[in-house]
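The values are calculated or read from the model by the stated rules, or taken from the named source; none is laboratory data. All figures in this text were calculated on a predicted structure; none of them were measured in a lab. Using ideal geometry, Cβ is built from the backbone for each residue, glycine included, and neighbour counts are taken over all protein chains shown. Just the protein is used for accessible areas: all its heavy atoms, side chains included, with ligands, DNA and RNA removed. Shrake-Rupley method; radii C 1.70, N 1.55, O 1.52, S 1.80 Å.
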Amino acid sequence: AQSVTQLDSQVPVFEEAPVELRCNYSSSVSVYLFWYVQYPNQGLQLLLKYLSGSTLVKGINGFEAEFNKSQTSFHLRKPSVHISDTAEYFCAVSVKETSGSRLTFGEGTQLTVNP
Amino acid sequence: SAVISQKPSRDICQRGTSLTIQCQVDSQVTMMFWYRQQPGQSLTLIATANQGSEATYESGFVIDKFPISRPNLTFSTLTVSNMSPEDSSIYLCTYMSSGGTTEAFFGQGTRLTVV
């Protein structure tokens, strides 16, 4: 079975500062990796995904993530955050070999951007 | 991607009663999933719902407590039975895309408070 660990439950940063939200996964088989964002009182929205190919993945709102197979990590980064990036961020994994496999989520990281 | 609509978007219910949540997708999908997000926590899969067969429940979730229907390829319901305050959560319906990407699309969720 796969698992996901988000290493920081809360990340406070100042506006225009860079940010990295850390995610590590565990799986005995190849996986797909995802980052979702949840704004207050809203559903989940896909930020970006890694399926195969280039290990650097660019998503919406200026976010990017890098897949590192040797370190089993998929950290999310943004070079300069805005107040509007304040939200809960979830890393998720699905197993590659099973069609339509379900997602396993990490515990989430609350990003708070302060002025 | 198909659009997911959930009803109700929120509800406050008395303990001991039951609530049925409806999930409508605007195109046919094979697999639908129900997740629970307890306050301040991540998403936990309740069950997988396929059309024409019994739902498959995850460990810790049982059909008597969370009966699920999947009468066709665009609709599913989740019932939270004999509710207690511990059932207060956001309940999310989702489906996985076809074509090998396994991307999940979420509705806005149903915010349930049990008093």
Quiz item: When residue A:42 is evaluated against the numbered criteria (1) modelled with pLDDT under 90; (2) closer than 16 Å to residue B:105 by Cα; (3) surrounded by 14 or more Cβ atoms within 10 Å (Cβ to Cβ), which criterion, by number, is the only one it fails?
Solution: (3)
Self-check item: Single condition residue A:16 does not satisfy, out of (1) in a loop (DSSP other than H, G, I, E, B); (2) open to solvent by 60 Å² or more (accessible area, probe 1.4 Å); (3) closer than 16 Å to residue B:42 by Cβ
Solution: (3)
Quiz item: Hey, does region B:40-49 have a residue that's on the phi < 0 side of the Ramachandran plot and in contact with a Gly (Cβ under 7 Å, 6 or more places away or on another chain)?
Solution: yes
Quiz prompt | strands (runs of 3 or more DSSP E) contained in region B:6-115 and holding at least 2 residues of a type in the set (Phe, Trp, Tyr) | solution = B:31-37, B:89-96, B:104-106
Quiz item: What about residue A:46, is it over 18 Å from residue B:35 (Cβ atoms) and of a type in the set (A, V, I, L, M, F, W, C)?
Solution: no
Quiz item: So residue A:102 clears everything in (1) open to solvent by less than 80 Å² (accessible area, probe 1.4 Å); (2) assigned to a loop (DSSP other than H, G, I, E, B); (3) free of Cβ contacts under 8 Å to residues at least 12 places away in the same chain except one condition, right? Which one?
Solution: (1)
Quiz prompt | Candidate set from region A:22-55 (those that are among the aliphatic types (A, V, I, L, M) and part of a strand (DSSP E or B)); member that is nearest to the other protein chains (Cβ to nearest Cβ) | solution = A:44
Quiz item: When residue A:66 is evaluated against the numbered criteria (1) buried (at least 20 other Cβ atoms within 10 Å of the Cβ); (2) part of a strand (DSSP E or B); (3) away from every other protein chain (no Cβ under 14 Å), which criterion, by number, is the only one it fails?
Solution: (1)
Quiz item: Are there any pairs, at least 6 apart or on different chains, whose C-beta atoms fall under 6 Å, with the first in region A:75-93 and under 14 Å from residue A:8 (Cβ atoms) and the second open to solvent by 40 Å² or more (accessible area, probe 1.4 Å) and modelled with pLDDT of 95 or more, and if so, which?
Solution: A:75/A:20; A:75/A:22; A:77/A:20; A:77/A:64; A:88/A:110
Quiz prompt | Test: residue in region B:28-35 that is open to solvent by 80 Å² or more (accessible area, probe 1.4 Å) and either at the interface with another protein chain (Cβ under 10 Å from one of its Cβ atoms) or hydrophobic (A, V, I, L, M, F, W, C) (or both) | solution = yes
Self-check item: Count of region B:1-45 residues which are touching an Asp or Glu at 6+ places or on another chain (Cβ under 9 Å) and modelled with pLDDT of 95 or more
Solution: 5
Quiz item: Taking region B:36-67 as the region of interest, how many residues are at the interface with chain A (Cβ under 9 Å from one of its Cβ atoms) and either in contact (Cβ under 8 Å) with a residue 12 or more places away in the chain or exposed (fewer than 12 other Cβ atoms within 10 Å of the Cβ) (or both)?
Solution: 7
